[in-house]
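Step one of this worksheet: look at the structure below.
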Amino acid sequence: MSLKLLPWTAAPAPTPTVGEMTAKAGIHRAVLWFVAFYYPSIPFIGFGGIAYMFCFCAMPDDTFSGCVRRRDLWRLTPLLLCAAYMSLLALVSMHTRLFLPRAPNAVLTDLLDVGTVRVGIPLAWLACVGTGAGFTFAIALDCVFVVLIARVLAIWSRLVRTYLHSGD
């Protein structure tokens, strides 16, 4: 009876898990900690450099040069929110690898594949190109990034509630 009402109760444990794949790859825990410390900062360094280029570097087009002096900082918000989104994906990935070894590896793979490659990179391109498109485009991109950040936080909290147990 419970099989008809709750079909997921009879589901087998997810295989392979993140811990199994990490052990199979032979990645030492110290390396994971090193990567966990530096990996989330890479998007901020990259997008910070792009924002610096847009605001302070001399460009032939006068659209971006001196945007900080003209108080046009709203042009940079899509870049910074894109950095926050990509950094959050990196943080969730490393937290899953370090503290959630029983989580299914498919969740981590899908999070990185869909979140970074299929969503993050096209939106990063739009954030770079769209900085000169006007404040309405910047606000629309800001809203998209805020929704994506909230969704990644929801996925992360669900992973932690499901696969982090105090008995481990």
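Are any residues in segment 139-168 part of a helix (DSSP H, G or I) and more than 19 Å from the chain's Cα centre (by Cα), and if so, which ones?
Step one: list which residues in segment 139-168 are part of a helix (DSSP H, G or I), which gives 139-163.
Within segment 139-168, I139, R161, T162, Y163 meet the criteria.
Go through segment 97-138 and give me each residue that's assigned to a loop (DSSP other than H, G, I, E, B) and over 15 Å from T17 (Cβ atoms).
Across segment 97-138, the qualifying residues are A133, G134.
Among the residues of segment 105-147, which ones are among the acidic types (D, E) and buried (at least 17 other Cβ atoms within 10 Å of the Cβ)? Steps first, please.
First, pick out the residues of segment 105-147 that are among the acidic types (D, E): 110, 113, 142.
D142 - this is the single residue of segment 105-147 that is among the acidic types (D, E) and buried (at least 17 other Cβ atoms within 10 Å of the Cβ).
Checking the condition at pLDDT 90 or above and either assigned to a helix (DSSP H, G or I) or surrounded by 12 or more Cβ atoms within 10 Å (Cβ to Cβ) (or both), which residue from M94, M53 passes? Quick ask: steps written out before the conclusion?
Details: M53 fails: at pLDDT 90 or above.
Sole residue among the options that is at pLDDT 90 or above and either assigned to a helix (DSSP H, G or I) or surrounded by 12 or more Cβ atoms within 10 Å (Cβ to Cβ) (or both): M94.
Kindly establish whether R75 is without any contact (Cβ under 8 Å) to a residue 60 or more places away in the chain and among the charged types (D, E, K, R). Spell out how you get there, then give the answer.
Details: without any contact (Cβ under 8 Å) to a residue 60 or more places away in the chain: no; among the charged types (D, E, K, R): yes.
The answer is no for R75.
The values are calculated or read from the model by the stated rules, or taken from the named source; none is laboratory data. Remember, predicted model here, so these are calculated numbers, not experimental data. Please note: Cβ atoms are built from the backbone with ideal geometry, for glycine as well, and neighbour counts cover all protein chains shown.
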